[in-house]
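What follows is calculated from the coordinates using simple rules that are stated; it is not laboratory data. Quantities reported herein were computed from a predicted structural model and do not represent experimental measurements. Cβ coordinates were reconstructed from backbone atoms using ideal geometry, including for glycine residues, and neighbour counts include every protein chain displayed.
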Ligand code: ATP
Ligand code: MG
């Protein structure tokens, strides 16, 4: 009996599809009319068969996309501000879901979330397009994360490592250096095989221009795509920006390439979603966000992965950024994102104010899968550093209240201050793997312990140069990601100690 029903249902579906196709081919368009317009959200009557995410056409270059399917009307979100739309005006179906151009032609370009160029460098002619909303790769299509993504930032590469295919949240208050960490990571991918996509959502124009300038100046823009959902754009356009960036990234990933996508930031994205939802009269929940706000970020970040070798072995690493208010990480959107991602880099307001930059709070930051992808040399050298540094920070708080400290505590504090100094890093001062490993070997072996803090930065550079000149083969070996034997560690320590003695004499 059920087989009969199934057959009839399938036949009816096939018939309906054929009718739709025929209507499309002969140019019959279903038409509706605008019932109401409010701040970029339009209610349309008379389009009974329209599908979710379908593009609707209001006139020549005026489009919106379907976001809400109600019993009597369709909620549509405009892609641009159109003040001349009027109630009663005709709306046509396009039978197309919202999509974005993808391809190598996008590299080096700045585009808006529907692929229109914003950089005055002419048209972008791509041959392929992908839907903005796509389902995430299946579990069996995924491979474990086992390749590191070097950020060039010592504190992250050593203590909160990121793997290719990981989703690592950058979280912190306003003006704590969140975007800087992301941009430095992009700059450090120059001369590697990683393609970067920087997606700005609702950011100040000056901040976005600043990022584009940095990318242009360094030449990193050539392997980058910048997707900008401007703060003055409609909420609908801002909302689709991260999905569009993800689709562009997925195109490269499916070709077996490695991609890094930055979402700056998802707080603004959630706010755009809240605005659209409230205008569409969806019921508000906690902090006035609709109940499915978790799902908009979960379905976005689930698309970030490392594909299995049979599918080309490409990877897509996501670095979403979220802003907190008064260091409150338990607010709605931050907690959602913490639970969706594989770890977080916590940018501390207090550290930023003290000038300890980058202001990464090591104690509160965590990377759940990156450790397995970290280069073996890092694991060997920096393994105990994380705990020791966290202990130092606690000790340092109490040490201020007393002058009588025992010898061991004093030693811990001396070492801790050196670790803190070594982990400080200016902007545009990315460190390669070899330099980082040499520095950490010297640090853990106590070569910095008797050096005054202001001299540490110079000495760090000198140690790296010494090893590079005295044992170039070892330097190249570390740079290519090999593990270090105890003899090799001893060689580094010997050369650097000799340099130190020579300086002191
Ligand atoms: P917003 O909340 O406005 O987006 P943000 O958290 O993204 O801010 P950034 O814009 O990255 O913060 O950085 C704020 C300021 O701190 C910038 O002027 C930047 O130049 C400076 N800054 C960030 N990191 C460093 C660093 N490691 N060394 C020196 N200056 C830094
Ligand atoms: Mg920022």
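Overview of values
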read-out	value
Taking the range 1-151 and dividing mean pair separation by its residue count, relative contact order in percent (alpha carbons under 8 Å, at least six apart)	18
Extension gain from residue 71 to residue 141, taking 0.36 nm per residue of separation minus the Cα-Cα distance	21.4 nm
Label zone at residue 498, where the point sits 7 Å out along the Cα-to-Cβ direction: the range 429-448 residues whose backbone N lies under 20 Å	435, 438-443, 445-448
Contour minus Cα-Cα distance for residue 364 and residue 51 (0.36 nm per residue)	108.3 nm
Convex hull (Cα only) mean projected area of the range 444-505, reported in nm² to one decimal	4.4
18 Å cut-off, amide nitrogen to a point 7 angstrom out along residue 19 Cα→Cβ, residues in the range 94-120	94-95
On Cα atoms only, tilt of 385-399 relative to the major axis of the chain in degrees	70
In Å, descending, principal axis extents of the Cα set of the range 133-210	42, 35, 28
Gyration tensor (alpha-carbon) shape descriptor, the range 342-404, a/c threshold 1.5	oblate
Sites residue 394 and residue 231, calculated FRET efficiency, Cβ-Cβ separation with R0 35 Å, nearest 0.05	0.30
Residue 59 versus residue 427: modelled label distance in nm, points set 7 Å from Cα along the beta carbon direction	4.3
Largest-first principal axis extents of the Cα set of the range 374-505 (Å)	49, 38, 32
0 to 90° range, to nearest 10: angle between helix 433-444 axis and the chain longest Cα axis	50
Evaluated at q = 0.09 Å⁻¹: base-10 log I(q)/I(0), Debye formula over Cα of the chain	-0.71
Spatial extent of the range 269-365: Rg and Dmax, with the Cα atoms as the point set, Å	16.6, 49
Where only alpha carbons of the range 7-104 are counted, the Rg and the Dmax (Å)	14.7, 49
Sequence-separation-based contact order of the range 126-218, relative, with Cα cut under 8 Å and 6+ spacing, percent	22
Helix 2-25 vs. the chain, principal-axis angle (Cα, 0 to 90°, nearest 10)	80
Burial ordering of 81, 482, 499, 269, fewest other beta-carbon atoms within 10 Å first	81, 482, 499, 269
Calculated SAXS-style log₁₀ I(q)/I(0) at q = 0.16 Å⁻¹ - the range 94-179, Debye, Cα scatterers	-1.02
Label-reachable residues, the range 321-363, where backbone N falls under 19 Å from a point 7 Å from residue 175's Cα toward its Cβ	322-328, 347-360
Residue-span extension gain [residue 332 to residue 217] - 0.36 nm each, minus C-alpha spacing	37.6 nm
Residues 62, 86 arranged by fewest to most Cβ contacts within 10 Å	86, 62
